[in-house]
Each structure stands twice: as structure tokens, then as C-alpha cells.
1. Within segment 89-109, how many residues are outside any loop (DSSP other than H, G, I, E, B) and at pLDDT 95 or above?
2. Criterion first (in a helix (DSSP H, G or I) and more than 16 Å from the ligand (Cβ to nearest atom)) does residue 303 satisfy it?
3. Just for segment 180-191: of the residues that are buried (at least 18 other Cβ atoms within 10 Å of the Cβ) and in a loop (DSSP other than H, G, I, E, B), which one is nearest to the ligand (Cβ to nearest atom)?
4. Filtering segment 147-163 down to residues that are more than 26 Å from residue 332 (Cα to Cα) and assigned to a loop (DSSP other than H, G, I, E, B), which residue is nearest to the ligand (Cβ to nearest atom)?
5. Which of the residues belonging to segment 102-116 are crowded, with 24+ Cβ neighbours inside 10 Å and more than 16 Å from the ligand (Cβ to nearest atom)?
6. Could you please let me know if residue 99 is within 16 Å of the ligand (Cβ to nearest atom), closer than 18 Å to residue 132 by Cα and surrounded by 15 or more Cβ atoms within 10 Å (Cβ to Cβ)?
7. When the residues of segment 117-135 are filtered to those that are of a type in the set (Val, Ile, Thr) and over 27 Å from residue 198 (Cβ atoms), which remaining residue is farthest from the ligand (Cβ to nearest atom)?
8. Please pick out the residue among 238, 266 that is away from the ligand (no atom under 15 Å from the Cβ), over 21 Å from residue 320 (Cβ atoms) and either free of Cβ contacts under 8 Å to residues at least 12 places away in the same chain or not in a loop (DSSP other than H, G, I, E, B) (or both).
Amino acid sequence: MKKGFSLLLTLVLVMSMSISVFAEAQSKPNGPWIQPNQTVKLESWASPEDLEKALFQINDRAREGRMELEVVGHSATYEYPIYAVKFGEADTDNPKIFIQTQIHGDEQAGTEASLDLIQQLAMSNHPDIREILDNVTVWFIPMLNPDGAVVFETPQGQSKQRQNLQTWDPEEFGLAEDTPAPWYYRPDSVSREMGFDVNRDFHPALEFDISTDYTAGLTPGRSTAPGFYVTPEARASRAVFEELQPDLFIDHHHRYSNVVSEDDDRLNTLQVIAQVVRQDNVVEHNGVEYRVDDESLALSKQVNSLVYQELQKGNSPFGAVSRYPDVNLPGTALGSYSMNGAAIMLYETRGQQHPGGHTGQKANGQYIKQSYIGLYETLRGFATGDVYEIDPAFYDEEIPYGSPRIGRPNN
Ligand SMILES: [Zn+2]
């Protein structure tokens, strides 16, 4: 590893050094649980400042002409730059992929995996990487919600949070000051879990503007209806989506622990899903109807199947993969973009970054690797065309489904 990557190396070392702390916890292969008296050092995950430094370092050392680093917006409260990292042109016949991470500030593994992948794409001269760069356009937003990624103290220990840190200010949008907040807003609270759930703030009509499109009844809404682009984070993502018009959009999250299925009690390392809006959920706006079409849904199933199959290979420690429960969420980034013709894939990695919900740094390292493999093999699948050879029915017939959430074994 080159000298310039001391930051990333430090992160890796911090994670490695923490292994002994967790060595006595139960158990392989899915990683240990944090014991109640253990302190989790969240600083081992990249902060917004760490991410920026790493992106600058990679950009400085990128091979000529490969990578573009762009600011595509700023976070609502701390005004952190939101970065897009671009490999390849939007105006191309190659397949186009948009990878987004950390729309929920406490869900970090995807950002770390993306940094590793960005570094490879920027610097490696391996023929497989060159083949990806020649045949696929791939753009990233690593850490869409940096405000939520800032560590704060709670009575239970350090935490990051799902929401951004924005306060509802209807007058910002030219609305009356008593206009109710969108339903996905949480006002200030002692735990600081305030702000907007950015991942309910999307609308399939990408031109949607609450200042002109607001009508009584838009808010409060419900989860089967779209959001309103009131957060600068959602608007930054939308700008990248509109510029790229990707064939595939990948969003990376974490969730709590589940077992694989009713017949398989291994703990999930990952859940995936190819569809987050039902095809009979049609959103109409300004005379245009938005829905999930058959063609992009088939490609979504091929991509999800590819990742599942790659994680089953050999002696992978990541085989405990299943399908995420059925949902109907057009206000998510995945939902709105899937109603605009993009195939989608959702990663829900085990290991939520809340006090009481941690899985430990050793496990986190495994989850980063798991996501890296998934993302890398997806790019390979498009570069070689192999993804198109997969039967979409594999998704429905072969990926385990239906696993109840389970509690921690200790309490
Ligand atoms: Zn999430």
C-alpha cells in the first residue's frame, strides 16, 4: 500500500487492533456480538473529514484522465460538501451505474467499501479493472448524509444517526409558517435523532418542487406515497441521477440481525432486494405516470442474483444472504429511481451503528469486504456482459426469503 493511503491504512489498523477486544464474544462465521460493557469506538469509521481527505488523496494519485471528483451539493446543517466520484462519461453507449452510500448517517460499511473500490478504479492497472473502465461508466456518491455521520454522545455511548440535522422551515420553500412538516420529519429530541429521513424524501417526478407543487394534503403523507425533495441531500442525489441517467442504481444500507429463512438459522450477513415499489403503485404528476417497468425489473433481478451467486462461491464467509422483506416505498431513492427506468439493488448489511446495535469492528471489516465483492463483481458482470446471461427467475426461486428479525442473544 502506498504512503498516501496512511489514512485508510490507519482505519484498517484501528479495526484490526480491536479484534482482541471482541475475541471472546460469540462466534463464527457471522462475527461476534458486542458485549454490553464494551465501548465502541465509532471513530474507526470514516468521518466526513476522513472521507474528504481520502478522496483528495486518491484523486491526487489517480491515473491520468480516469477520475473526476465533484461537489454536487452541501449537507443541510454543517454544510459539508457532498462528493460525487465519476469514472466514465454520462454520454456513452456503455452501461451506466450509480452507487450511493450512507443516505442514513449511521450506515457506513458501504462508504468504506466504495472507497476501496474507488481506489482500485483510480489507480490499478489490472486488466480486469481496465476492462471495467473501458466498458462501464460508474459514478459514486459515498456518504450522501455527512451530517448524520457526525459522532455525538448519548447516555448509552457514541452514536451517529439515520436522519440529517435539518429543521423544518416551511418559509424556506415559500410556504406558510404553519405548514405541517412531511411525515418523515422528526423534530428535535434528547437523543438528537432529529431531522429528515432523507431516504423518504424522493419523488419519481424528478422536477418536483415543493414550493410550486405543494397542495394541502401533500403533507403529512404516508410511506406508499412519494416525498418532496425538501433536503439538500436528496436534491444532490437527484442531480447526479438526472445527469447520469443510469441503467442501474445501487443504494447501500445496514439493518439489524435476521436469520436467513425459516429453514436456515444462520445470521444474515446481507439482505438484498430488486424491487421496492409494487408495479401497481403508479404515481401521477403533471400528467405523467411513473411506475416500475418490466424490463428494468428483470435487470434488477439479474444484478441481485449475480451478487447472491458470487457470495455463495467457494469458501465465502458471506453465504448467509437472503431477500429483504417486500416493501412499497416510492419515496426512497431506490423507489423513485426505479420508477424512472433504472434497475436497482439494495444492500442491507448486518451491523447497525447504534449503541446496543453494534456488531464489532472485526465483523465490520467482514461486511466491508462483502460489500466490496458485491460491488466489484457487479461492475465485472456489466463489463463482461455476464449479468445479462442470468435468468431473472433465479431471484424469485433461489434466493432465500422470509426471515424474522431477531434480538441480541444477551438481552
Ligand atoms: Zn438505511
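The values are calculated or read from the model by the stated rules, or taken from the named source; none is laboratory data. What you are looking at is a predicted structure, and each value in this text was computed from that prediction instead of being measured. We place every Cβ from the backbone using ideal geometry, glycine too, and count neighbours over all the protein chains shown.
1. Adding up the residues that qualify gives 6.
2. Yes, satisfied.
3. 184
4. It comes out as 156.
5. 115
6. For residue 99, the condition - within 16 Å of the ligand (Cβ to nearest atom), closer than 18 Å to residue 132 by Cα and surrounded by 15 or more Cβ atoms within 10 Å (Cβ to Cβ) - is met.
7. Result: 129.
8. 238
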